[in-house]
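K.L.:
Sharing a structure below in structure tokens format, with a few things to ask.
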Amino acid sequence: IEGFIRDGKQNAALIAKALPRQPLIDGRDLSRVGQALESAIALAPRFRNGLFLLDADGDFLVDYPPHPELKGRSFAFRDYYKDAMREGRPVVSPPYTSKRTGKPVITFAAPVISDDGKILAVLGCSVDLLAEDALGPILKQRIGKNGYVYVMDTTRQLILHPDESRILKRDVPVGVNKVVDAAIEGFQGVGETTNSQGVEMLIGVRQ
């Protein structure tokens, strides 16, 4: 997972650096940017859920595959936009449901910077969380006959789980699973617990 995140940020930065700047400066011929995004997906197929550009105000400019109905819509509320604008470097979003495709995704974002250091736009690189070249293979891992792997963030949102209906849900409240409670606070190790379905489990957790 750490390698996946590191590689995603690096690839987003490389694509952002290669995009034509002039259409973003004068607002004309954005089709050139769309063509560049199409070429980038061929080189980085992990981002086939979509590459898109937001302007410096967070408004949707262009994407590939194209969704022209989104042009001009504001995505300034997205964490990846706010973080990339504030930090001026590649970032990764919390998982969310894509408005473009309806899939559980994360977005790697990188600022597109002019020669004089001004942020012209923010590039978003969308990844289907469950794709085979993303984190989907983690769900196929089994431990013993009935064991499984899942990933939860520190807000208790399930990022990956064998029961896909639970992905992006927060359905493990405080007190239900004592080892998960400890893990949220930073614990790493192994313990006995009862899961949210009332099944006694041996669980290992790592940040």
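K.L.:
Hand me the tally of lysine pairs in the stretch 65-207: alpha carbons under 30 angstrom apart, and the pair either on different chains or 8 or more positions apart.
P.N.:
Lysine pairs satisfying the spacing and distance rule in the stretch 65-207 number 20.
K.L.:
So, one more: Pop out the ³J(HN,Hα) list for the stretch 50-64 in order, Karplus 6.51 cos²θ - 1.76 cosθ + 1.60 with θ = phi - 60°, rounded to Hz; leave Gly and Pro as x.
P.N.:
For the stretch 50-64, the Karplus curve yields x, 10, 8, 10, 10, 6, 5, 9, x, 8, 5, 9, 7, 8, 8 Hz.
K.L.:
Quick one: Karplus J couplings for the stretch 143-154, per residue in order, coefficients 6.51, -1.76, 1.60, θ = phi - 60°, nearest Hz, x for Gly and Pro?
P.N.:
10, x, 7, 10, x, 8, 10, 9, 10, 10, 8, 6
K.L.:
Related question: Projecting each Cα onto the charge dipole of the chain (Lys/Arg +1, Asp/Glu -1 at the beta carbon, about the Cα centre), which of 165, 58, 14 comes out farthest on the positive side?
P.N.:
About the Cα centre, the residue reaching furthest to the positive side is 165.
K.L.:
Would you be so kind as to identify which of 24, 40, 120 lies farthest towards the positive end of the dipole of the chain, taking Lys and Arg as +1 and Asp and Glu as -1 on Cβ and the Cα centre as origin?
P.N.:
With unit charges placed on the Cβ atoms, the residue in question is 40.
K.L.:
Grab the DSSP H runs of the chain that are 4 residues or longer, score each as -39,500 (n - 2.57), total them, divide by all residues and round the 222 nm result to the nearest 500 deg cm²/dmol.
P.N.:
Helix-only estimate at 222 nm: -7500 deg cm²/dmol.
K.L.:
Quick check: the angle from helix 31-43's long axis to the longest principal axis of the chain, C-alpha only, nearest 10 degrees?
P.N.:
Taking Cα atoms only, the helix is inclined about 40 degrees.
K.L.:
If one computes the Cα centroid of the stretch 88-150 and of the stretch 162-205, what distance in Å separates the two points?
P.N.:
23
K.L.:
Let me understand the chain better: what is its radius of gyration from the alpha carbons, and its Dmax, in angstrom?
P.N.:
Gyration radius and largest Cα-Cα distance of the chain: 19.3, 62 Å.
K.L.:
Show me 105-112, 190-197 ranked by packing, highest mean number of other Cβ atoms within 10 Å first.
P.N.:
105-112, 190-197
K.L.:
Let me ask another. Which ³J(HN,Hα) values, rounded to whole Hz and listed in residue order, are derived for the stretch 92-105 from phi using the Karplus coefficients 6.51, -1.76 and 1.60 in 6.51 cos²θ - 1.76 cosθ + 1.60 with θ = phi - 60°, glycine and proline given as x?
P.N.:
Values, residue by residue: 10, 7, x, x, 7, 8, 5, 6, 7, 10, x, 8, x, 9 Hz.
K.L.:
For the stretch 94-153, report the convex hull volume of the alpha-carbon atoms normalised per residue, in Å³, without decimals.
P.N.:
118
K.L.:
Okay, moving on. Enumerate by residue number the chymotrypsin sites (Phe, Trp or Tyr not before Pro) in the stretch 24-94 meeting two conditions: DSSP loop (anything except H, G, I, E, B), and at most 14 other Cβ atoms within 10 Å of the site's Cβ. Provide the component values of the computation, followed by the final result.
P.N.:
Details: sites: 47, 52, 60, 75, 77, 80, 81; in loops: 75, 77.
For chymotrypsin sites (Phe, Trp or Tyr not before Pro) across the stretch 24-94 that sit outside H, G, I, E and B with at most 14 neighbouring Cβ atoms in 10 Å, the list reads 77.
K.L.:
In the P(r) worked out for the stretch 80-201, what percent of Cα pairs fall beyond 23 Å?
P.N.:
44
K.L.:
Among 94, 80, 104, which residue has its Cα positioned farthest towards the positive end of the charge dipole of the stretch 68-107, with +1 placed on the Cβ of Lys and Arg, -1 on the Cβ of Asp and Glu, and the dipole taken about the Cα centre?
P.N.:
Value computed over the given set: 104.
K.L.:
Just the number, please: carbon plus sulfur as a percent of the accessible area of the stretch 71-207, 1.4 Å probe, no ligands or DNA/RNA counted.
P.N.:
With neighbouring chains kept in place, the figure for the stretch 71-207 is 51 percent.
K.L.:
For residue 148, what residues show an amide H to amide H distance below 5 Å, using hydrogens built from the backbone and excluding near sequence neighbours?
P.N.:
The list, which skips near neighbours in sequence, is 143.
K.L.:
Using just the alpha carbons, could you tell me how many Å³ per residue the convex hull of the stretch 1-51 encloses?
P.N.:
Expressed per residue, the convex hull around the Cα atoms of the stretch 1-51 is 72 Å³.
K.L.:
Compute the relative contact order of the chain as a whole-number percentage, counting only Cα pairs closer than 8 Å that sit 6 or more residues apart in sequence.
P.N.:
Dividing the mean separation by the residue count of the chain yields 14 percent.
K.L.:
Amide H of residue 201: which non-local residues (sequence gap of 5 or more, or other chain) have their own amide H closer than 5 Å, using H built in the peptide plane?
P.N.:
Answer set, sorted by chain and number: 193, 194, 195.
K.L.:
Moving to a separate point now. For the stretch 46-88, what does the convex hull of the Cα positions come to per residue, in cubic angstrom?
P.N.:
76
K.L.:
Something else now. Order the peptides 62-70, 12-20 from the highest to the lowest mean number of other Cβ atoms within 10 Å of their residues.
P.N.:
Ranked by mean Cβ neighbours within 10 Å, highest first: 12-20, 62-70.
K.L.:
Of 87, 200, which has the most accessible area and how do the rest follow, probe 1.4 Å?
P.N.:
Solvent-accessible surface, decreasing: 200, 87.
K.L.:
Under a point-charge model restricted to the Cβ atoms of Lys and Arg (+1) and Asp and Glu (-1), what is the dipole moment magnitude of the chain relative to its Cα centre, in debye to the nearest 20?
P.N.:
On the way: 27 positive and 26 negative charges, 31 e Å.
That gives the chain a dipole magnitude of about 160 debye.
The values are calculated or read from the model by the stated rules, or taken from the named source; none is laboratory data. Just so it is clear, the model here is predicted, and its values are computed rather than measured. Cβ sites come from the backbone with ideal geometry, for glycine too, and all protein chains shown count toward neighbours. These area figures cover heavy atoms from the full protein model, side chains too; ligands, DNA and RNA do not enter into them. Shrake-Rupley method; radii C 1.70, N 1.55, O 1.52, S 1.80 Å.
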